[in-house]
Amino acid sequence: MTPGTAPSNPVARARAVIGLNTAYFRTKALQSAVELGVFDLLADGPATVETIQEKLAVRHRLTRDFLDALVGLGLLERDGAEYRNSELAAEFLVTGQPTYLGGTCAQHARLHYHAWGRLTEALRDGHAKSAVAAQGAAAYLDHYRDLDKARQVMTHMDAHNGFTADELARQLDWSGYTTFTDVGGARGNVAARIARAHPHLRGMVVDLPALRPLFDERMRELGTTDRVRFAGGDFFVDPLPASDVLILGHVLADWPADKRMRLLHNAYQAVSPGGRIAVYDVMVDASGNDLETLLQRINSAMIRDDNSAYSVSDCEGHLREAGFEVDRVFPADTITRDHVVIARKAV
C-alpha cells in the first residue's frame, strides 16, 4: 500500500492497520534468527530442521514454523526437507561478509527494541527510555571499557557507515586533497574505506582513547594500518588534527546545539584554507515528511536524552556561523537516508 493511500476494500483496509500493528513479528523473527546463528550455520550448507535444532540447541515445537516464516520473509529457501540461506541472507546476514548487517540486527534486539516498547511513556515525559539513557554521555565510556561490548556497538555502526563511506568516496572530489580526519570515527571503518578508494589519501580518526585496540584490529583487517592513524581524545576539548577534509558523521545529532557549535568552531580551526568539511546525518529536509527519516530521528531520541535532532537548513546555518561557505547539499544513498552537507573554508 502506498503511504497516504488506503485500499477501497474494507477488509484490505483493516489488514493494512493490523499489518502495522504486528510488524514487529517480522522484526523479531529476523533478530532471533541472527541471535541464534541460523544464517551462520546455513552458510556451511543446507540443513534439516532436526540438524538445525541440534546444532543451535533450539527445542521449541514450532521451530519448523519459525524456519518457514524465514522462508516467507525471503531470508531462507526450502528444498524438500532442507533449508538454506537465500541470496539476501548470504549477502547481508552471514558473519564475516563485508556487507554484514547482522550486527545492527543484534544491537536493535539488545537495545532499540526495548526502548521503542516505552515510546508512549517517552512521549509523555520527554525522556529517552533505553538501557543507557540514564548514563548520558557516560554511556560511551562505560560501553567502551568492555571491548566485547564495544565491538558489538562497532559492528552495529559499521553496518550502516560502510555504505556512507562508499558514498562519500564517490561524491567528493578528493583529487586536490591529501589528508582527511573522521571526527568521532569509531574504529575507523569510514576512514579506511575512503583511503582504500583513494590511495593517495592519508586519514586520521579522532575518538575516545578506549577504542584504539578496536581501531588497530579493524585497520589490520582492512589493510590500512599504514594509511589511517588514530588520535584518542575529547573532540570538544582537544584541538582537532589539521586536515584538508574533515568528516562529521552521525556526531552532531548526539549533542545539544551549544556543543554542536563548539565542535564546528573547533573543526573550522582544523580545516586547511581551501579545504572542506562534510557533515552527514539523519536530517529532515524542507518537506519534513520523509517517513524513514522521521522514524530514525525518533529512534535516536529514544536512546539518549543528549540527542538533538536538526534539519538540513539548521546544518547549513551552523556551518556558516562557524565560518564555512556551504557548497553542496544532497541526499545520500545510504541505509539511514542521510543528507550530506559539504562546506568550504575560504583560502
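The values are calculated or read from the model by the stated rules, or taken from the named source; none is laboratory data. A quick note: this is a predicted structure, and the numbers were derived from the prediction, not measured. Quick reminder, even Gly has a Cβ in these numbers, built from the backbone with ideal geometry, and neighbours come from all protein chains shown. Surface accessibility is based on the protein's heavy atoms, side chains included, excluding ligands, DNA and RNA. Shrake-Rupley method; radii C 1.70, N 1.55, O 1.52, S 1.80 Å.
Positive end of the dipole of the chain (Cβ unit charges, origin at the Cα centre): among Gly185, Ala159, Leu252, the Cα lying farthest that way belongs to Leu252.
Taking Cα atoms only, the orientation of helix 312-322 departs from the longest principal axis of the chain by about 30 degrees.
Report the extension gain between Ala23 and Arg124 in nm, rounded to one decimal, defined as 0.36 nm multiplied by the number of residues separating them, less their alpha carbon distance. Intermediate results must be reported in sequence, preceding the final value.
Details: separation 101, 0.36 × 101 = 36.36 nm, distance 2.34 nm.
Additional length available on full extension: 34.0 nm.
Rounded to the nearest 10 degrees, the inclination of helix 10-21 to the longest alpha-carbon principal axis of the chain is 60 degrees. Between the helical axis of 212-222 and the longest alpha-carbon principal axis of the chain there is an angle of about 70 degrees. The local environment of Thr225, defined by Cβ-Cβ distances under 14 Å, has a net charge of +4 under the rule Lys, Arg +1 and Asp, Glu -1.
Of Arg276, Arg187, Arg227, the residue with the greatest mean-square motion in the GNM of the chain, using alpha carbon springs below 10 Å, is Arg227.
The stretch between Thr178 and Ala257 holds 25.3 nm of extra length on full extension. This uses 0.36 nm per residue minus the Cα-Cα distance. A helix-only calculation puts the chain at -14000 deg cm²/dmol for mean residue ellipticity at 222 nm, using -39500 (n - 2.57) for each DSSP H run of at least four residues, averaged over all residues. In this Cβ point-charge picture (+1 for Lys and Arg, -1 for Asp and Glu), the chain has a dipole of about 320 debye about its Cα centre. Simple point charges give the picture: +1 on the Cβ of Lys and Arg, -1 on the Cβ of Asp and Glu, and for segment 42-101 a dipole about the Cα centre of about 240 debye.
In debye, nearest 20: dipole of segment 116-272 around its Cα centre with unit charges on the Cβ of K, R (+) and D, E (-)? Intermediate results must be reported in sequence, preceding the final value.
Numbers: 19 positive and 20 negative charges, 18 e Å.
Here segment 116-272 has a charge dipole of around 80 debye.
A simple spin-label model places pseudo-atoms 7 Å from Cα toward Cβ; at His265 and Val132 they are separated by 2.8 nm. For Ala286 and Glu87, what is the calculated FRET efficiency with R₀ set at 45 Å and r taken between the beta-carbons, to the nearest 0.05? Plugging the Cβ-Cβ distance into 1/(1 + (r/R0)^6) gives 0.75. For segment 70-119, taking Cα atoms only, Rg and Dmax work out to 13.8, 43 Å respectively.
Stokes-Einstein, applied to the Kirkwood radius of segment 1-128 over Cα pairs at a viscosity of 0.692 mPa s and 37 °C, places its translational diffusion at 197 µm² s⁻¹.
To put it simply, the accessible area of the chain at a 1.4 Å probe is 52 percent carbon and sulfur.
A Förster radius of 45 Å combined with the Cβ-Cβ distance from Asp79 to Ser313 puts the calculated FRET efficiency at roughly 0.25.
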